[in-house]
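Here, each number is a calculation from the coordinates, and none is a lab measurement. Nothing here was measured: the structure is a model prediction, and the numbers come from that model. With ideal geometry, Cβ positions are generated from the backbone for all residues, glycine too; neighbour counts draw on all protein chains shown.
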There are 2 protein chains.
Amino acid sequence: MDFKQFQQKYNIQFNNDQLLKQAFMHTSYVNEHRDAGLEDNERLEFLGDAVLELAVSQHLFRHYPDMSEGELTKFRANIVCEPSLEQFSRTLNLGEYLLLGKGEEASGGRERPAILADAFEGLMGAIYLDQGFKKALAFLQEYVFPSIEPGAFSHVMDYKSKLQELVQKDHQSVSYKIIDEIGPDHNRQFVASVSLNGTKIGTGIGKSKKEAEQEAAKEGLKEVSKP
Amino acid sequence: MDFKQFQQKYNIQFNNDQLLKQAFMHTSYVNEHRDAGLEDNERLEFLGDAVLELAVSQHLFRHYPDMSEGELTKFRANIVCEPSLEQFSRTLNLGEYLLLGKGEEASGGRERPAILADAFEGLMGAIYLDQGFKKALAFLQEYVFPSIEPGAFSHVMDYKSKLQELVQKDHQSVSYKIIDEIGPDHNRQFVASVSLNGTKIGTGIGKSKKEAEQEAAKEGLKEVSKP
């Protein structure tokens, strides 16, 4: 396996090449080369999972200033999950670098979602250990996050952003207002309204102002999209 | 609230003092000061949770080289959970810096576990945003992780380390051996034995060599501790 080529392709220079190799080392390969003193990628996955979690969190935090904590948490869970990790792994062609045992190879391990997802996490752990968090974040920002942007995760929605996008094409303006508050201080709920060029097009209720505004935007979107 | 004093006490110099203040800002306080344009600490918590997850992961990864991925994951879950976060928050006296609404204050919010835990996560998010991951990690290593070490989480156990500690007092020596392997390559199980001064004191089975050795050490510990 040509790990030099991998480093050139992704513009990373590992201080410890063995760490990079370990990221791709499936336990079936280690079991077949027992006397070589190898270690599989499982502990690196443990670390890489947390690297990804923080990098994704900061990415969402910065790009979605209107999302509430609850919405951010749902969004993050949709990105840091096996189907997404598998997709990232395929985007980076990690399958071709995998080190598998013969049995695993013969039974199609190179295409197995869990093995691909684990290699992606292992790689993130290896980059973090060898290069630090900033480099790991930069790698994700360059090669992975762009594939998230274009609506790949549109089932998690930022309604305010979507409404804004929709109306600004026609140079119209959207505004939000908190019009009521319900319940005691420790369990306060907010009611928001959204207006298009001064005309109310939706209202929403939520535990935070942001959430109420998102709910209002959701209703506003339906109104605006009516034929 | 004297946030200057907080920064002196913990040797951090915030570029943006408002971020530090926000870490302590409970939603009940924001609700009472509606026109001030304040934001509560909930989005910072979202970020801080991931900062803590990575910092704890790297700490465990480095300090427990013999733990398997599964054991590390269990250990991490025991540290990144509300009771632990509350404890960290109390260690740092975060309660005294909380900004609460009057109702929340009157009903004992300053002592409420969830509010204390949230402030700790908020603080980690604020330090990360203002100072970067390295500083956040250094803060945890200096003020928080030392309180984890002395067996505070001993319900999650590294049996090999414990056995080693126990026997080295008497200058005895422990050794491990993989004595058997069971099952096919893709579902291999290992059998390990542990010996004290050459005499077998325990055996164990596990999905990795590390896990098998831990299980053997667990049995060995019981043997050594017999009256």
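Quick one: compute the contact order of chain B, relative version, from alpha carbon pairs under 8 angstrom and 6+ residues apart, as a percent.
Working: 334 pairs, mean separation 41.8, N = 227.
Relative contact order of chain B: 18 percent.
How far, in degrees from 0 to 90, does helix B:82-91 lean away from the longest principal axis of the Cα atoms of chain B, to the nearest 10?
70
Based on Cβ point charges of +1 for Lys and Arg and -1 for Asp and Glu, what charge dipole magnitude is obtained for the protein assembly as shown about its Cα centre, in debye rounded to the nearest 20? Don't jump to the answer; show the numbers that get you there.
Numbers: 52 positive and 70 negative charges, 57 e Å.
Its charge dipole is roughly 280 debye.
Under 1.5 on a/c is rounded, so check that first for segment B:156-227, then, if it is not, pick prolate when a/b is larger than b/c and oblate when it is not; a ≥ b ≥ c are the square roots of the alpha carbon gyration tensor eigenvalues. Display every interim value, and only then the final one.
On the way: a/c = 2.54, a/b = 2.02, b/c = 1.26.
It is prolate, given that a/c is not under 1.5 and a/b is the larger ratio.
Give me, ordered by chain and number, the residues 5 or more places off B:Ile179 or on other chains with an amide H under 5 Å from its own placed amide H.
Here the answer is B:Val191, B:Ala192, B:Ser193, since their amide H atoms fall under 5 Å of that of B:Ile179.
Take A:Met25, A:Met67 and order them by how many other Cβ atoms sit within 10 Å, fewest up front. Walk me through the intermediate numbers first.
On the way: A:Met25 22, A:Met67 25.
With the sparsest Cβ surroundings first, the list reads A:Met25, A:Met67.
Every other copy gets compared here: list the nm distances from the A:Glu96 label point (7 Å along Cα to Cβ) to its counterparts, shortest first, one decimal.
6.1
So how tilted is helix B:113-131 from the main axis of chain B? Cα-based, degrees 0 to 90, rounded to 10.
Approximately 80 degrees, to the nearest 10.
Which one, A:Tyr64, A:Asn11, B:Ala23, projects farthest toward the positive side of the charge dipole computed for the protein assembly as shown from Cβ point charges (K/R +1, D/E -1)?
My answer, from the dipole projection, is A:Asn11.
Would you mind ranking A:Arg110, A:Arg188 by Cβ crowding within 10 Å, fewest neighbours first? Walk me through the numbers on the way to the answer.
Numbers: A:Arg110 16, A:Arg188 19.
Ordered by Cβ neighbours within 10 Å, fewest first: A:Arg110, A:Arg188.
For A:Lys200, which inter-copy label distances result when the label point lies 7 Å beyond Cα on the Cα-to-Cβ vector, reported in nm to one decimal and in ascending order?
With the label placed 7 Å along Cα→Cβ, A:Lys200 yields 8.0 nm.
When A:Leu196, B:Leu47 are ordered from fewest to most other Cβ atoms inside 10 Å of their Cβ, what list results?
If I rank by nearby Cβ atoms, fewest first, I get A:Leu196, B:Leu47.
Can you give the charge dipole size of segment A:12-73 about its Cα centre, rounded to the nearest 20 debye, using +1 on the beta carbon of Lys and Arg and -1 on the beta carbon of Asp and Glu? Each step should come with its number before you reach the end.
On the way: 4 positive and 12 negative charges, 43 e Å.
Rounded to the nearest 20 debye, it is 200 debye.
Read phi for every residue in segment B:57-67 and hand back ³J(HN,Hα) as whole Hz from Karplus 6.51 cos²θ - 1.76 cosθ + 1.60, θ = phi - 60°, with x for Gly and Pro.
4, 5, 4, 5, 4, 6, 8, 10, x, 9, 7
If each label sits 7 angstrom from Cα along the C-beta direction, how far apart, in nm, is B:Pro227 from its counterparts in the other copies?
Once sorted, the set of distances for B:Pro227 reads 8.6 nm.
Mind listing the phi-derived Karplus ³J(HN,Hα) values for segment A:19-26, rounded to whole Hz, using 6.51, -1.76 and 1.60 with θ = phi - 60°, and x for any glycine or proline?
5, 4, 4, 4, 4, 9, 8, 6
Charges only on Cβ, +1 for Lys and Arg, -1 for Asp and Glu: so what's the dipole of segment A:159-224 about the Cα centre, in debye to the nearest 20? Kindly include the intermediate steps, with their values, before the conclusion.
Details: 11 positive and 10 negative charges, 27 e Å.
I would put it at about 120 debye.
In the calculated pair distance distribution of segment A:3-147, what percentage of Cα-Cα distances lie above 23 Å?
Values: 3559 of 10440 pairs.
Of the Cα pairs, 34 percent sit more than 23 Å apart.
First obtain the Kirkwood hydrodynamic radius of the protein assembly as shown from its Cα pairs, then insert it into the Stokes-Einstein equation at 37 °C and 0.692 mPa s, and state the resulting D in µm² per second as a whole number.
Working: Rh = 24.9 Å.
The estimated diffusion coefficient comes to 132 µm²/s.
Return one number: the angle in degrees, 0 to 90 and rounded to the nearest 10, between the long axis of the Cα atoms of helix A:159-168 and the longest principal axis of the Cα atoms of chain A.
70
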